[in-house]
1. Could you state the per residue volume, in Å³, of the convex hull enclosing the Cα atoms of the chain?
2. At a probe size of 1.4 Å, how large is the accessible area of L54, to the nearest 10 Å²?
3. Could you tell me which Cys residues in the chain have no other cysteine's Cβ under 4.7 Å from their own Cβ, answering none if every one has a partner?
4. Amide H of F81 versus every other amide H placed in the peptide plane: which residues, excluding those fewer than 5 positions away on the same chain, fall under 5 Å?
5. Please compute the per residue accessible area over the range 2-193 with all protein chains in place, 1.4 Å probe, rounded to a whole number of Å².
6. Can you flag which of K317/K404; K100/K158; K373/K411; K109/K269 are past 20 Å Cα-Cα?
7. Per residue and in cubic angstrom, what volume does the convex hull of the Cα atoms of the range 2-193 have?
8. If I compute solvent accessible area with a 1.4 Å probe over the protein chains, what percent of it on the range 33-122 is carbon and sulfur?
Amino acid sequence: MNIAIIGTGYVGLTTGVCLASKGHQVTCVDLDQEKINMINSGTPPIFEEGMKELLEEVISAGLLIATIDSENAIKHAEIIFLCVGTPSKDDGSINLEYLKKAANTIAEKAGNHKIVVIKSTVVPGTTMNAVKPILDASGINHGLCMNPEFLKEGAAIKDFLEGDRVVLGVTDKETETIMRELYKDFPQQLFITNPTTAEMIKYANNSLLATKISFANELGNLCKKLGIDSYEVMDGVGLDKRLSRQFLNCGAGFGGSCFPKDVKAIISKGLEEGEGMKLLKTVIEVNNEQPVKMIKLLEKHANPVNKKIGILGLAFKQGTDDVREAPSIAIINELLKMNSDITVYDPEAMSNAKKIFSDKIKYAESARECANKSDAILILTGWDEFRKPELYSNKIVIDGRRIKEAEQNAKIYEGICW
Ligand code: UGA
């Protein structure tokens, strides 16, 4: 099938590459010419496991091209995926500016019948109340599908190709048939519903995962006080199949472009509807407290004022270069207020961190250099290369990611919840 993908962030690019890998003809559209050039030359603009190989494969097979020419891409596509960003506004509510703009472009350029698929994460009601009226007004014959993504950064390709299910919220039977055809070579179970339910499934999914983490953090904080191993507790709890062990690792807190933003957006939508959203507000509160705890632990063992502090890990999790809403950002900002002398290292996220902190902090070339230049070290991302005991010889180590190897050689070792 002929597919256009509007927006080439990690969701758009993953969608494009994976659909092309099943033989569909994909055109990726973005406003950023530099990104387009990179994609066409087989270089993914983002770091994502397996992406480069698959991108090269589909490009050389002639199954994927990237362009800034949205008009041409839209005209020739049977199915148009909207994968544009839906950032948070200052009050936590969702900003639909880019989505509406993309819908307007389709309305103007589409011509004949199109299936428009919303992949961007949007609050319940958006597809029917914000996108549909724009397409209806244009008079183009169209079907709509809300097809939420469940991609973890760093495992996006695998999640797309082999995830647990594909949710398709469709407006009509014809759209359902075409979407079933599109996904026919994927092994996942298809879950067919309406667009608004599909939108809510996405928020329910991310909110529940975030809730599990905040639950694990709250209990982890208590376990530490009681001298109980929080990870062992969750190993025991996780054996209950109704609960599962996943997303019960306590630590420095969740970050990234999804959990914080999505939980805040659904809280905001709930408040708009007169619901208190007490549980999810607390999920955010508990999460915001974890970085503060890291600083408090540091202060317990070493006064950060004018001290050499090493930060191992800037990305919001291992396997990605993404630093959005990462605990490292809040912690570095706090340490900067205390005039700490900060040296950081992350195997993938250095250039993204430089965009935020420029010359306010120092950048090491390796974990060893970072450790050597520091009196105290905070571990904020669980990269495997941080699991070397020798890095921590004679250092004060505050661990936010359960890198227990650090304990062996450290002068002082303290974990956030253990
Ligand atoms: C998350 C979801 O897992 C995906 O299903 C979803 O599609 C995606 O958001 C999205 O909405 O786009 P992602 O943000 O890439 O994926 O990362 P996760 O692996 O879910 O981790 C999120 C955060 O939770 C990280 O900061 C991680 O360190 C933290 N986390 C995760 C914990 O603190 N403890 C855990 O047990 C698991």
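The values are calculated or read from the model by the stated rules, or taken from the named source; none is laboratory data. Being a predicted model, the structure only gives us computed values, none of them experimental. Cβ sites come from the backbone with ideal geometry, for glycine too, and all protein chains shown count toward neighbours. Accessible surface is based on the protein model in full, side chains and every heavy atom, while ligands, DNA and RNA are left aside. Shrake-Rupley method; radii C 1.70, N 1.55, O 1.52, S 1.80 Å.
1. 145
2. 20
3. C18, C28, C83, C145, C223, C258, C370, each lacking another Cys Cβ under 4.7 Å.
4. Hits under the 5 Å cutoff: A4, I5, I6, V117.
5. Per residue, the range 2-193 has an accessible area of 41 Å².
6. Where the Cα-Cα span goes over 20 Å, the pairs concerned are K100/K158; K109/K269.
7. 113
8. 48
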